[in-house]
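A short worksheet on the structure shown next.
The values are calculated or read from the model by the stated rules, or taken from the named source; none is laboratory data. Source: prediction; values computed, not measured. Note that each Cβ is placed from the backbone with ideal geometry, even for glycine, and that neighbours are counted across all protein chains shown.
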Amino acid sequence: MFGSKIDLFNKEWLDVVFAKKNKSYGAYELRQTSSWNTTKSLFIASTVFILLFLAPRIYALFSGMVPEPPPEKEVEVVIQSPPPIDPEVKTPPPVEPPPPKQDQVKFPPPVVKPDNEVRDEEPPKMDDLKKADPGQKTMEGDPTADIVQIAPVGEGPKQAQVVEDNTVYSFQSMENPPEYPGGIAKFYAYLGQNIKYPPMAAENNITGNVFVSFTVEKDGSLTDLKIDRKLGYGTDEEALRVLRLSKRWNPGMQNGKPVRVKYNIPIKFSLSN
């Protein structure tokens with residue numbers, strides 16, 4: 001044993017080193033399996049290196065098994081050449097606009113140019129502009145010509161749409177609330193002259209107020225007549241009947257225009273002695 005090459009990881013040497021020592025300690029087991037662990041690590045590392053080295057070729061091998069998509073078909077489009085120009089067909093000359101009603105003097109808008117392109121052209125004088133209108137060129141006017149108003153293409157005369165105000169306003173918030181011709185006293189006088197006391201209400205000695213509401217329209221007529229608080233015994237129906245026979249009111253005015261206004265009044269029923 002002593003004549004051979006010393007191998008400190010040999011089992012015989014391990015027994016000599018760990019003689020009379022605790023062999024259950026981890027160092028003894030690690031030295032016994034050291035050769036095997038080294039061989040296994042080399043094998044795993046070599047395998048991983050080979051796989052990484054051959055990965056592109058393996059990928060190319062498997063990708064070749066996938067069917068390739070069919071090639072796109074190229075369609076050749078033949079464009080016909082334009083027809084030859086007919087020399088006999090001539091383009092009509094541009095139509096000159098009719099002469100203006102007022103004389104016109106050449107006064108084009110100013111354009112910024114280099115000095116070598118500036119022409120020595122004298123601009124029109126103020127006296128000329130007093131007698132003629134500025135334009136692209138100098139030309140005589142025709143006093144008998146019609147005045148032409150140039151407007152954008154497709155822009156015809158427009159008329160603003162009138163939106164009618166049908167809002168029903170409250171008479172408390174009106175600038176000029178509606179009014180019976182002659183005032184509210186005349187209206188109550190009309191009610192006193194035309195209301196007929198219902199016989200059932202008179203027999204049962206019924207007195208009190210019938211609260212009614214109605215809308216004074218823009219023309220002064222009364223619509224939407226309703227009983228807000230009833231008194232009964234025929235008094236409610238009598239109040240509505242007299243209101244329907246009322247003459248037209250003066251309509252309520254808001255911003256100088258007649259509007260619809262809701263009005264509320266009490267109509268009193270009382271029996272005289």
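Screening 230, 218, 257 for residues that are among the charged types (D, E, K, R) and out of contact with any strand residue (DSSP E or B) (no Cβ under 9 Å at 6 or more places or on another chain) leaves exactly one candidate, 257. Let me confirm something: among 225, 243, 231, which residue is surrounded by 13 or more Cβ atoms within 10 Å (Cβ to Cβ) and under 44 Å from the mean Cα position of the chain (by Cα)? Within the list 225, 243, 231, the selection yields 225.
This table checks each residue for (1) touching a Leu at 6+ places or on another chain (Cβ under 7 Å); (2) more than 30 Å from residue 140 (Cα to Cα); (3) loosely packed, with under 10 Cβ neighbours inside 10 Å; (4) modelled with pLDDT of 65 or more.
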position	(1), (2), (3), (4)
35	no, yes, no, yes
41	no, yes, no, yes
52	no, yes, yes, yes
60	no, yes, yes, yes
85	no, yes, yes, yes
94	no, no, yes, yes
106	no, no, no, yes
116	no, yes, yes, yes
129	no, no, no, no
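Considering the range 170-217, and only residues there that are outside any strand (DSSP E or B) and under 11 Å from residue 265 (Cβ atoms), the residue that is nearest to the chain's Cα centre (by Cα) turns out to be 171. Every condition in (1) without any contact (Cβ under 8 Å) to a residue 60 or more places away in the chain; (2) assigned to a strand (DSSP E or B) is met by residue 259 except one, and the failing one is (1).
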